Amino acid sequence: MKAFWRKIKRFLLWIVVAFFASTILSVIVLRWVPLFFTPLMFIRVAQQVSDGKDMTLHHHWVPLEEISPSLSLAVMSSEDARFLEHHGFDYQAIEHAAIRNMKHPEKRKLGASTISQQTAKNVFLWPGRSWVRKGFEVYFTTLIELFWSKERIMEVYLNSIEMGEGIYGASAVAEWHFHKEASQLTREQCALIAATLPNPRKFNSARPSAYVLKRQKRILHEMRFVKPLSSKEEKAKH
């Protein structure tokens, strides 16, 4: 019996070692390798098939240098204004969200996920709200903040995030919603894209609702005050 339990412990130990080794290696490799698919893309395609719809997946990786610098400013203004200051988790935003959600439980819950957390979720995980998935999100967020630069995190984020029905990344949304290259997106168009990110399958940057246009106006204002990633973004602030 003791020999049996030793084998079980050894097996579990190898599983743990293999998990940490494989996940850390994956994060290190993706520091340089373009990301062509994410779990969410496959999930959405499966949902389309199960719903009897045509399979739609538009995605094309482009380096950060080929994306309008206004888009980085816009998503930081909309999603994570302190992106360059925190190390993956914005504790001020978490505290603010917790207090607001407790005071107003009847309203839609306010989230506090950073761009780093959203990138970790998009690249390595699946949609959901379980504590298990959240735990993995914390783990992968810590890893990418440790091994990737802020520029790389933003590059992966802008290339992988869902920006419409079957549309993923800056290049695809620029082509399908604005008929141009990602580098040619205007400041106003970038703010419009960022305005849809709370629910890009409901809100459409090509056909913005009054709510989206209102968010766009606020984001354009906030873009003037967000710390930029580069000198190019500094010029794009105004």
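Give the residues of the range 12-58 that are within 22 Å of Lys121 (Cβ to Cβ), part of a loop (DSSP other than H, G, I, E, B) and either open to solvent by 90 Å² or more (accessible area, probe 1.4 Å) or acidic (Asp, Glu) (or both), sorted by residue number.
Arg31, Trp32, Phe36, Phe37 - these are the residues of the range 12-58 that are within 22 Å of Lys121 (Cβ to Cβ), part of a loop (DSSP other than H, G, I, E, B) and either open to solvent by 90 Å² or more (accessible area, probe 1.4 Å) or acidic (Asp, Glu) (or both).
Quick one: what pairs do we get from the range 145-168, first residue free of Cβ contacts under 8 Å to residues at least 40 places away in the same chain and over 16 Å from Pro69 (Cβ atoms), second of a type in the set (S, T, N, Q) and surrounded by fewer than 24 Cβ atoms within 10 Å (Cβ to Cβ), C-beta under 7 Å, 6+ apart or different chains?
Every condition considered, no pair remains.
Name the residue, out of His87, His104, that is over 14 Å from Gln118 (Cα atoms) and modelled with pLDDT under 95.
Values: His87 fails: over 14 Å from Gln118 (Cα atoms).
On inspection, the qualifying residue turns out to be His104.
Looking at the range 146-156, is at least one residue open to solvent by less than 50 Å² (accessible area, probe 1.4 Å), farther than 24 Å from His87 by Cα and outside any helix (DSSP H, G or I)?
Looking only at the range 146-156, we keep the residues that are open to solvent by less than 50 Å² (accessible area, probe 1.4 Å), and these are 148, 150, 152-156.
Keeping just the survivors that are farther than 24 Å from His87 by Cα gives none.
Within the range 146-156, not a single residue is open to solvent by less than 50 Å² (accessible area, probe 1.4 Å), farther than 24 Å from His87 by Cα and outside any helix (DSSP H, G or I).
Could you please find all residues in the range 59-86 being farther than 20 Å from Ile193 by Cα and either of a type in the set (Asp, Glu) or not in a loop (DSSP other than H, G, I, E, B) (or both)? Lay out the reasoning, then the answer.
If we filter the range 59-86 for residues that are farther than 20 Å from Ile193 by Cα, which is where we start, we get 84-86.
Answer for the range 59-86, where residues must be farther than 20 Å from Ile193 by Cα and either of a type in the set (Asp, Glu) or not in a loop (DSSP other than H, G, I, E, B) (or both): just Glu85.
Please determine, by comparing only the residues of the range 1-46 that are among the hydrophobic types (A, V, I, L, M, F, W, C) and touching a Pro at 6+ places or on another chain (Cβ under 9 Å), which one is nearest to Thr142 (Cα to Cα). Before you say what the answer is, go through the steps one by one.
Taking the range 1-46 first, the residues among the hydrophobic types (A, V, I, L, M, F, W, C) are 1, 3-5, 8, 11-21, 24-25, 27-30, 32-33, 35-37, 40-43, 45-46.
With the extra rule that they be touching a Pro at 6+ places or on another chain (Cβ under 9 Å), the set shrinks to 40, 43.
Values: Leu40: 21, Ile43: 25 Å.
Per the criteria, the residue is Leu40.
Inside the range 120-145, can you point out the residues that are surrounded by 18 or more Cβ atoms within 10 Å (Cβ to Cβ) and either more than 20 Å from Phe20 (Cβ to Cβ) or at pLDDT below 80 (or both)?
Asn122
Any idea which of (1) more than 13 Å from the chain's Cα centre (by Cα); (2) under 22 Å from Glu85 (Cβ atoms) is the one Glu188 doesn't satisfy?
(2)
For (1) farther than 13 Å from Met76 by Cβ; (2) out of contact with any Ser or Thr (no Cβ under 8 Å at 6 or more places or on another chain), each residue gets a yes or a no:
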| site | (1), (2) |
| --- | --- |
| Gly166 | yes, no |
| Lys180 | yes, yes |
| Gln184 | yes, no |
| Ala191 | no, no |
| Arg201 | yes, yes |
| Tyr211 | yes, yes |
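The values are calculated or read from the model by the stated rules, or taken from the named source; none is laboratory data. Here the structure is a predicted model, which is why all the values come from computation and not from measurement. Cβ sites come from the backbone with ideal geometry, for glycine too, and all protein chains shown count toward neighbours. All accessible areas refer to the heavy atoms of the entire protein, side chains included, with ligands and DNA or RNA removed. Shrake-Rupley method; radii C 1.70, N 1.55, O 1.52, S 1.80 Å.
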